[in-house]
Each structure stands twice: as C-alpha cells, then as structure tokens.
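The values are calculated or read from the model by the stated rules, or taken from the named source; none is laboratory data. Keep in mind the model is a prediction, meaning the values are calculated, not measured. Ideal geometry is used to build each Cβ from the backbone, glycine not excepted, and the neighbour counts take in all protein chains shown. Each accessible area value is taken on the protein alone, full model and side chains, heavy atoms only, with ligands, DNA and RNA left out. Shrake-Rupley method; radii C 1.70, N 1.55, O 1.52, S 1.80 Å.
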Amino acid sequence: LNLPTDFKYFLIDPYLIGVYHLNEKNIPFIILKTKSFEHTFASLLDNELAIAETISKLFSPQNYASSTTQGVFIDKIINNIDTRILYDSLGQSILFYAFLNQNTLLIGQAEEVITPIINRLQTNQQNTARD
C-alpha cells in the first residue's frame with residue numbers, strides 16, 4: 001500500500017482485514033495495531049485524505065470513490081469512541097477510522113458498521129478475558 005512512511009513505521013504486524021455483512025452487502029474493514037498512538041494519530045491527521053484514498057482503493061478497486069480527495073472528515077463519538085468519518089459532497093460516508101484503544105485502529109468503509117464491529121470486538125475481548 002502506498003501509505004505515508006511515518007504512518008506505516010508505527011504499525012505492527014499482524015493486521016486483520018475483514019468483511020461485515022449488512023443488508024445484503026459485504027462491507028470491508030481493517031484492524032491495525034500500532035506501537036505509538038501519538039505518532040499514528042498525528043500521521044493520520046496530517047495525511048488522512050491520502051490515507052483514505054489508498055484504503056478506499058484497497059477496499060474497492062473497481063468502485064473506488066475518487067471523491068475521497070474532496071471529502072470532508074467529521075468527528076463523531078460512537079459507542080464512547082472518538083471516530084472520524086469521511087463524507088462525500090452528497091453526505092454519504094465513504095470511510096471511517098477509530099482508535100478502539102491506544103494500540104488498535106479500526107478503519108472501515110461504511111458508517112453503518114462501526115457500532116456492530118465495535119460491539120463484536122468488545123464481546124470477543126470480554127469472552128477471551130473470562131477464558
């Protein structure tokens with residue numbers, strides 16, 4: 001992926017690419033781990049449109065929305081998590097990202113899947129902690 005070097009530098013392997021099935025659509029997302037929240041977040045803020053464009057191409061190369069470069073990021077709190085959502089000129093969400101904790105970054109394609117993915121991840125963490 002053609003991501004900024006200062007962004008990639010702080011990411012840790014492995015990562016997870018998944019698909020959330022919602023309303024007959026498969027909506028892709030990626031979960032990345034970082035070794036530095038501060039550096040990763042700063043790089044995201046500095047380069048978020050370029051990163052959004054690259055991730056959008058990864059998620060949907062044939063239907064890639066060129067509007068990512070002209071979109072606008074809006075801050076929202078969803079499930080008590082600060083989330084940045086990229087909207088196109090028609091008000092449609094194109095991409096979002098949210099830090100689930102200091103080391104886990106969730107990036108996805110559609111705003112509708114933020115809550116279900118977060119809920120699923122939190123449930124899995126709670127079940128793992130009990131085992």
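In region 80-95, what residues are open to solvent by 60 Å² or more (accessible area, probe 1.4 Å) and either modelled with pLDDT under 90 or under 19 Å from Lys25 (Cβ atoms) (or both)? Can you show your working first?
Step one: filter region 80-95 for residues open to solvent by 60 Å² or more (accessible area, probe 1.4 Å), giving 80, 82, 89-90, 92.
Those that are open to solvent by 60 Å² or more (accessible area, probe 1.4 Å) and either modelled with pLDDT under 90 or under 19 Å from Lys25 (Cβ atoms) (or both): Asn80, Ser89, Leu90, Gln92.
Within region 104-128, can you find the residues that are in contact with a Phe, Trp or Tyr (Cβ under 7 Å, 6 or more places away or on another chain) and exposed (fewer than 15 other Cβ atoms within 10 Å of the Cβ)? Outline the logic, then answer.
Restricting attention to region 104-128, the residues satisfying the condition of being in contact with a Phe, Trp or Tyr (Cβ under 7 Å, 6 or more places away or on another chain) are 105-109, 111, 113-114, 116-117.
Once the filter is applied, which keeps residues that are in contact with a Phe, Trp or Tyr (Cβ under 7 Å, 6 or more places away or on another chain) and exposed (fewer than 15 other Cβ atoms within 10 Å of the Cβ), region 104-128 yields only Pro116.
Considering only residues in region 20-52 that are open to solvent by less than 30 Å² (accessible area, probe 1.4 Å) and among the hydroxyl-bearing types (Ser, Thr, Tyr), the one that is farthest from the chain's Cα centre (by Cα) turns out to be Ser36.
With the structure loaded, tell me whether Pro61 is touching a Phe, Trp or Tyr at 6+ places or on another chain (Cβ under 8 Å) and modelled with pLDDT under 95 or whether it fails that test. Please lay out each step first, then the result.
Values: touching a Phe, Trp or Tyr at 6+ places or on another chain (Cβ under 8 Å): no; modelled with pLDDT under 95: yes.
Criteria not met by Pro61.
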